[in-house]
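Chemist: Take this structure, written in structure tokens, and hold onto it; I'll ask about it next.
Values quoted throughout were computed directly from the atomic coordinates according to the rules given, and no laboratory measurement underlies them. Just so it is clear, the model here is predicted, and its values are computed rather than measured. When we count neighbours, we look across all protein chains shown, and the Cβ atoms used for this are built from the backbone with ideal geometry, even at glycine.
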Amino acid sequence: MANVYLVGIEGEKAALEYLLKKRYKLITVRFRDGHGEVDLIMRDKKTTVFVEVKYRKEGVKGEGLFAVTEDKKRRLRSAAMAYAVKNKLTDAAMRFDVIEITADGIMHIENAF
């Protein structure tokens, strides 16, 4: 289990570097509550962006995106809402992005769901 965790951390670091180069601002890493977890919470201009990172070191393009199931989306939305309520952001602009990292490179899907 520890190896899976460490691989996830590696993917989150790569995604964070990618987003920082695109001038996103980091808010927090691995926000957790009782409903789920958000890998990265970033700011893109005035929008709070909840980012799900899928890292498949040996995978091919598109493979990680299949792991963002309807159940995963529900848990992400729930965790994001908990974060927004806690930080009084419920009236702010928000979106969900997915970053997939594979042997083929980085694919960033803005407003993925």
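Chemist: Could you tell me which trypsin sites (Lys or Arg not before Pro) in the stretch 28-113 are loop residues by DSSP with no more than 15 other beta carbons within 10 angstrom of their beta carbon?
Modeler: K45, K46, K57, K61, K88
Chemist: Can you compute the charge dipole magnitude of the chain about its Cα centre, using +1 on each Lys and Arg Cβ and -1 on each Asp and Glu Cβ, nothing else charged? Give it in debye, rounded to the nearest 20.
Modeler: Dipole size: approximately 480 debye.
Chemist: Can you tally the net charge around G62? Count Lys and Arg as +1, Asp and Glu as -1, for every other residue whose Cβ sits under 12 Å from the Cβ of G62.
Modeler: My count for the surroundings of G62 gives 0.
Chemist: A further question follows. Calculate how steeply helix 70-86 sits against the longest principal axis of the alpha-carbon atoms of the chain, using the helix alpha-carbon long axis, and give the answer as 0 to 90 degrees to the nearest 10.
Modeler: Taking the Cα atoms of the chain, the angle to 70-86 is about 40 degrees.
Chemist: Would you mind checking which residues have amide H under 5 Å from F113's amide H? H placed 1.01 Å from N; only 5 or more apart, or other chain.
Modeler: It is F96, by chain and number.
Chemist: I've got another one for you. In Å and from the alpha-carbon atoms only, list the Rg and Dmax of the chain.
Modeler: Taking only Cα atoms of the chain, I get Rg and Dmax of 13.4, 40 Å.
Chemist: Percent antiparallel among DSSP beta bridges with both residues in the stretch 2-109, to the nearest 5?
Modeler: Taking every DSSP beta bridge within the stretch 2-109, about 65 percent pair in antiparallel fashion.
Chemist: Residue-wise, which Karplus ³J(HN,Hα) couplings in Hz belong to the stretch 60-66, taking 6.51 cos²θ - 1.76 cosθ + 1.60, θ = phi - 60°, and x for glycine or proline?
Modeler: Values, residue by residue: 10, 3, x, 5, x, 5, 5 Hz.
Chemist: In nm, to one decimal, how far is the A103 label point from the L20 one, both placed 7 Å along Cα→Cβ?
Modeler: So the two model labels end up 2.8 nm from each other.
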